[in-house]
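Notes follow once the structure below has been shown.
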Amino acid sequence: MATRPGREIVRAIALILAGFVAAAVAGLLLAPRLVDGELARERLLAQLERTVGSPARLRGPTSLTLWPEPRLSLGELVVGEPGRGPLVATVERVDLLLGFGFLFGLEPELREVRLVAPVLSATGLPEPGAVGRLLEGLRSEGPPFDALSVAGGHLRLSDPRLPAPLDLADLDLELARETGGGPFALSGSGRWRGEPFSLEAELRPATTGPHALRVQLSFGAGATASRFAYRGTLDLGRSDPRLDGEVEL
């Protein structure tokens, strides 16, 4: 026969397990009501339009799944209009990974935003002032998610300042920042002119003055592979960006 302390321990464990089961059932029943798909669509579109200054619309459905993790999926996203602006982008699907705490209002930020098969066409490099304002906003408010990832992306960029149009395919990228602040880390791979490349970069925004920057780019494979690395600062507080650091080839 179990002793009284033993019975109390068993009872406590049973109550804890019952609590977990109840919370899981409640999440399955209530999550579709707690997450307003239409509201999420409106907020995403409004944020995109403010950021890029171009119209944005969603042409696909909205769906919510809870297993293996809560995810709100938004159908085909279109930003801009061909021939009517410097930027046109289409994204096959946008996945917002929520986390169970987000469903109940316990987590203020998204866990991750995934862009599936995005295609971006731009007719000009971003202006340094726009990049500086973006960094300033991220520094003061922080990103609304823990990580941003791109799967199967394609980038086409043309600009008179470039010797030739830039065409990057098969882009798989992840942009993340440590919880509570710290540097932004970008890593990933893709193909340029049919050759593979990999990228690792770290940007540490400064309160004032230049931002600390570290970049490593590897291009090609085998005996013809090449590598570029930079460690120093990036100053966007002027008409032209200024790099001050060490370059390794």
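Ranked by solvent-accessible area (1.4 Å probe, protein heavy atoms only, all chains present), the residues Trp192, Trp67 order from largest to smallest as Trp67, Trp192. Rolling a 1.4 angstrom probe over the protein heavy atoms with all chains in place gives region 182-249 an accessible area of 64 Å² per residue. Taking 0.36 nm per residue of separation and subtracting the current Cα-Cα distance, fully stretching the chain between Asp159 and Arg193 would add 10.5 nm.
Dipole size of region 184-249 about its Cα centre, with +1 on Lys/Arg Cβ and -1 on Asp/Glu Cβ: approximately 120 debye, rounded to the nearest 20.
Taking Lys and Arg as +1 and Asp and Glu as -1, the other residues whose beta-carbon sits under 11 Å from that of Ala185 total -1. Among the GluC sites (Glu not before Pro) found in region 160-223, those both in a DSSP coil and sparsely packed, with 14 or fewer other Cβ atoms within 10 Å of their Cβ, are Glu178. Between Asp172 and Val119, full extension at 0.36 nm per residue minus the direct alpha carbon distance yields a gain of 17.8 nm. Heavy-atom surface analysis with a 1.4 Å probe gives region 175-249 a carbon and sulfur content of 52 percent of its accessible area. Electrostatic bookkeeping for Arg156 treats Lys and Arg as +1 and Asp and Glu as -1; over the other residues with beta carbon under 15 Å from its beta carbon, the sum is -1. In this rough spin-label picture, where each label sits 7 Å from Cα along the Cβ direction, the Arg50-Leu249 distance is 4.4 nm. With the cut-off at 1.5 for a/c, could you classify region 144-242 from its C-alpha gyration tensor as rounded, prolate or oblate? Cα axes put region 144-242 in the prolate bin.
Please give the net charge around Val116, taking every other residue with its beta carbon less than 13 angstrom from that of Val116, where Lys and Arg add +1 and Asp and Glu add -1. The answer is -2. About its Cα centre, the dipole of region 151-193 is roughly 180 debye, where the only charges are +1 on Lys and Arg Cβ and -1 on Asp and Glu Cβ.
The values are calculated or read from the model by the stated rules, or taken from the named source; none is laboratory data. Because the structure is predicted, anything quoted here is derived from the model rather than measured. No Cβ is skipped: glycine too gets one built from the backbone with ideal geometry, and neighbour counts run over all protein chains shown. The protein model used for the area step is the full one, side chains on, heavy atoms only, and it has no ligands, DNA or RNA in it. Shrake-Rupley method; radii C 1.70, N 1.55, O 1.52, S 1.80 Å.
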